[in-house]
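Chemist: Please find one structure pasted underneath; my questions will follow.
The values are calculated or read from the model by the stated rules, or taken from the named source; none is laboratory data. Bear in mind that the values here come from a model prediction, so they are computed numbers and not experimental data. Heads up, the Cβs are rebuilt from the backbone with ideal geometry, glycines too, and the neighbour counts pull from every protein chain shown.
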2 protein chains.
Amino acid sequence: MRIPILKLRDCLLVSIQWELDDQTALQFQEDLLHKIHLTSARGIVIDITSIDFIDSFIAKVLGDVIDMSKLMGAKVVITGIQPAVAITLIELGIRLESVLTAIDLESGLDKLYQELGE
Amino acid sequence: MRIPILKLRDCLLVSIQWELDDQTALQFQEDLLHKIHLTSARGIVIDITSIDFIDSFIAKVLGDVIDMSKLMGAKVVITGIQPAVAITLIELGIRLESVLTAIDLESGLDKLYQELGE
């Protein structure tokens, strides 16, 4: 199973709508980096509104994919972090400090376009 | 397996990135109609760029879901119809005559916003 990645102008949109298992998370990491390379995307919005539970492995993969995307030159906005996920992330010591966040997909896209100066 | 449906302002975005089996297609039909009801979406873009083969059952489900969405008051744009899919649709006698189409997701969204007068 793969997470669909949509291209919208020079941004990529990802909506994760079910709990990720480890294999899917790693596949997603690979797919996203490949798609950034393929499309020269400048920004990425990852919407995790539907995720209400996150474990340490998935949190790490998510943190890694953000850092990797940055290395490749793409800004990342994470949207729709649920209360329980926010609690878990902080309790796991994952602060996602340098990451842009927003309440939902629309605000995330707005924030991204603003950051990209569009 | 479910097809993710993204909400972007008053539109829904769907990107079908793998061949649909019959069960997934029916589940998608149900999910989309439910989401239209839930979000009061006025427009829908269904991107099928990644689909390079379509059979008569899936074509029928796709045609049905477009008609059903219209009944619920939402305009539908289909984007990224591949040559082989276009050939199959016409050979099957499915002309999708009243459906808006566009070459890719971006053009589809533009067309939809134009139709919705935004």
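Chemist: Just to be sure I understand, how many residues within the range A:9-33 are more than 20 Å from B:R2 (Cα to Cα), within 13 Å of chain B (Cβ to nearest Cβ) and without any contact (Cβ under 8 Å) to a residue 40 or more places away in the chain?
Modeler: 1
Chemist: Still on this structure, please answer the following. Say whether the condition of being within 10 Å of the chain's Cα centre (by Cα), hydroxyl-bearing (S, T, Y) and at pLDDT below 95 is met by at least one residue in the range B:39-56.
Modeler: No, the range B:39-56 contains no residue that is within 10 Å of the chain's Cα centre (by Cα), hydroxyl-bearing (S, T, Y) and at pLDDT below 95.
Chemist: For the range A:96-112, check the following and say yes or no: at least one residue is within 14 Å of chain B (Cβ to nearest Cβ), polar (S, T, N, Q), free of Cβ contacts under 8 Å to residues at least 24 places away in the same chain and closer than 20 Å to B:L6 by Cβ.
Modeler: The answer is no, given that none of the residues of the range A:96-112 is within 14 Å of chain B (Cβ to nearest Cβ), polar (S, T, N, Q), free of Cβ contacts under 8 Å to residues at least 24 places away in the same chain and closer than 20 Å to B:L6 by Cβ.
Chemist: Do the conditions hold for B:I66, that is, is it within 14 Å of chain A (Cβ to nearest Cβ), among the β-branched types (V, I, T) and within 22 Å of B:K111 (Cα to Cα)?
Modeler: Against the criterion (within 14 Å of chain A (Cβ to nearest Cβ), among the β-branched types (V, I, T) and within 22 Å of B:K111 (Cα to Cα)), B:I66 does not qualify.
Chemist: Restricting to the range A:43-52, name every residue that is away from chain B (no Cβ under 12 Å) and within 24 Å of B:G108 (Cα to Cα).
Modeler: Result: A:G43, A:I44.
Chemist: A:S40: at positive phi and away from chain B (no Cβ under 14 Å), yes or no?
Modeler: yes
Chemist: Also, quick follow-up: Check the range A:47-70 and report whether any residue there is in contact with a Leu (Cβ under 6 Å, 6 or more places away or on another chain) and under 27 Å from B:V45 (Cα atoms).
Modeler: Yes, the range A:47-70 contains a residue that is in contact with a Leu (Cβ under 6 Å, 6 or more places away or on another chain) and under 27 Å from B:V45 (Cα atoms).
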